[in-house]
1. Which count do you get for residues in region 1-53 that are open to solvent by less than 70 Å² (accessible area, probe 1.4 Å) and assigned to a loop (DSSP other than H, G, I, E, B)?
2. Just wondering, is there one or more residues in region 298-309 that are in contact with a Lys or Arg (Cβ under 8 Å, 6 or more places away or on another chain), open to solvent by 70 Å² or more (accessible area, probe 1.4 Å) and not aliphatic (A, V, I, L, M)?
3. Applying the selection to region 217-228, what residues are open to solvent by 10 Å² or more (accessible area, probe 1.4 Å), in contact with a helix residue (DSSP H, G or I) (Cβ under 9 Å, 6 or more places away or on another chain) and not in a loop (DSSP other than H, G, I, E, B)?
4. Can you tell me which residues in region 13-48 are among the polar types (S, T, N, Q), free of Cβ contacts under 8 Å to residues at least 24 places away in the same chain and closer than 16 Å to residue 180 by Cα?
5. Based on what the data block shows, is residue 336 at pLDDT 90 or above, in contact with a Phe, Trp or Tyr (Cβ under 9 Å, 6 or more places away or on another chain) and closer than 23 Å to residue 145 by Cα?
6. Between residues in region 302-328 that are over 18 Å from residue 343 (Cα atoms) and residues that are surrounded by fewer than 16 Cβ atoms within 10 Å (Cβ to Cβ) and not β-branched (Val, Ile, Thr), which pairs lie under 9 Å by C-beta distance while being six or more apart or on different chains?
7. For region 54-85, which residues satisfy the criterion of being free of Cβ contacts under 8 Å to residues at least 60 places away in the same chain and open to solvent by less than 30 Å² (accessible area, probe 1.4 Å)?
Amino acid sequence: FLQEVKSDLFEESKQLSMADLSRNMLIVKGPDEDLRPVNVGLLFFSREPDKFFPRCWIELVWHKDHSGRNFSEKYFKGPLHVQLRAVLSFIENNIIEETVTKIPGIAEAKRVWNYPYNAIEESISNAVYHKSYELGSPIEIQIWPDKMEILSYPGPVPPVDAQILKQNERIVARDYRNRRIGDFLKELHLTEGRGTGFPTIYNAMRDNGSSDPIFDTDEQSTYFLTTLPALGGNQVSDQVSIADNSLVFNTIDDVIAYCNEAGNRVSNEAGNRVSNEVSNQVISIVNATIHDKVVIILETVKNYADSNEIFSQLGITNQTKNRKKYLEPLIDNKWIEMTDTKHSPKQQYTITDQGKCLLALIKSDN
């Protein structure tokens with residue numbers, strides 16, 4: 001560690017005892033006869049810190065789809081900086097994908113990533129920095145086809161709350177939970193510790209063309225959740241590449257068949273928009289055969305929503321008959337999908353590729 005951070009103590013360590021070296025690094029306290037490690041010393045310089053701090057590791061769950069059943073798990077253990085670098089390396093090698101687009105007339109190709117590395121690094125480093133190691137809760141990373149969620153406990157230190165997280169792109173906390181952890185991470189260039197974390201994440205996402213990150217907690221600040229929407233994959237877009245603007249739809253079956261076939265053409269790159277005539281055809285068919293709330297629902301579930309949120313947007317009550325009337329037809333036609341089993345209290349809904357295609361057909365800008 002001392003060699004990597006180019007500390008003067010590295011050369012001095014050849015003449016120092018382990019006790020004196022540890023004292024100079026401020027990772028132990030007490031006289032020689034009762035020398036004891038401090039918490040940050042155990043977290044960074046013991047091989048198994050989870051022996052002293054329950055579940056002091058990072059859990060990563062990689063979902064291959066939205067079913068909640070097709071996933072793989074991986075645990076990253078060891079000293080804090082070791083597990084942090086290991087999980088970042090895993091994500092960089094297995095999750096991050098680059099898309100290169102050659103633009104006519106421009107020598108340099110356009111390069112974007114499903115997740116910009118800088119945003120991931122800062123988000124996970126922040127979780128390691130601000131987590132309470134008194135709580136037996138690991139840092140959890142959930143990777144879905146359309147987003148990455150990074151969850152740690154507890155939430156932000158007051159006065160930062162849920163409202164400030166949503167409104168401010170730069171958070172300046174009055175107090176820090178783990179200053180010594182931040183010091184070590186800063187020396188390793190894994191975080192800056194100067195209130196620049198949020199701006200770094202926002203800038204990385206925007207420079208990549210991704211949607212803004214989402215930071216969330218509850219009223220009691222019991223957790224801190226960072227959500228990074230993916231660029232590409234299943235990310236929602238209102239644009240669809242359709243080369244033939246002379247499309248004709250006569251029935252709902254025509255619409256369903258087209259979206260089933262063309263759903264995988266939904267793209268974050270600007271495409272050719274459908275004509276007003278085609279858009280009007282689709283709107284009329286959908287309103288007449290399904291209901292006139294389809295667009296509102298599809299817009300609401302772009303970034304996941306539960307039934308309460310959906311029916312709040314519709315202005316109607318959340319009850320069984322309304323779920324059957326308004327939600328089930330969209331599920332049956334594969335325009336939205338559930339994230340859990342049918343009667344799960346954690347049930348949420350999200351748009352599918354077919355739903356994105358339908359939304360693009362309806363929302364013409366011409």
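The values are calculated or read from the model by the stated rules, or taken from the named source; none is laboratory data. Since the structure is predicted, the reported quantities are computational estimates derived from the model, not experimental observations. Counting neighbours? That spans all protein chains shown, and the Cβs are built from the backbone with ideal geometry, glycine included. The protein model used for the area step is the full one, side chains on, heavy atoms only, and it has no ligands, DNA or RNA in it. Shrake-Rupley method; radii C 1.70, N 1.55, O 1.52, S 1.80 Å.
1. 15
2. Yes - at least one qualifying residue is present in region 298-309.
3. 224, the sole residue that qualifies.
4. Going residue by residue through region 13-48, those that are among the polar types (S, T, N, Q) are 13, 15, 17, 22, 24, 39, 46.
Checking the rest, the ones that are also free of Cβ contacts under 8 Å to residues at least 24 places away in the same chain come to 13, 15, 17, 22, 24.
Residues satisfying the conditions are 22, 24.
5. Numbers: at pLDDT 90 or above: yes; in contact with a Phe, Trp or Tyr (Cβ under 9 Å, 6 or more places away or on another chain): yes; closer than 23 Å to residue 145 by Cα: yes.
So residue 336 passes the test.
6. From residues that are over 18 Å from residue 343 (Cα atoms), the pairs are 312/318; 313/299.
7. Within region 54-85, 76, 78, 79, 83 qualify.
Table: residues versus (1) at pLDDT 85 or above; (2) of a type in the set (Gly, Ala, Ser); (3) within 17 Å of residue 154 (Cα to Cα).
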position: 189; (1), (2), (3): no, no, no
position: 197; (1), (2), (3): no, yes, no
position: 205; (1), (2), (3): yes, no, no
position: 213; (1), (2), (3): yes, no, no
position: 219; (1), (2), (3): no, no, yes
position: 222; (1), (2), (3): yes, no, yes
position: 234; (1), (2), (3): no, no, no
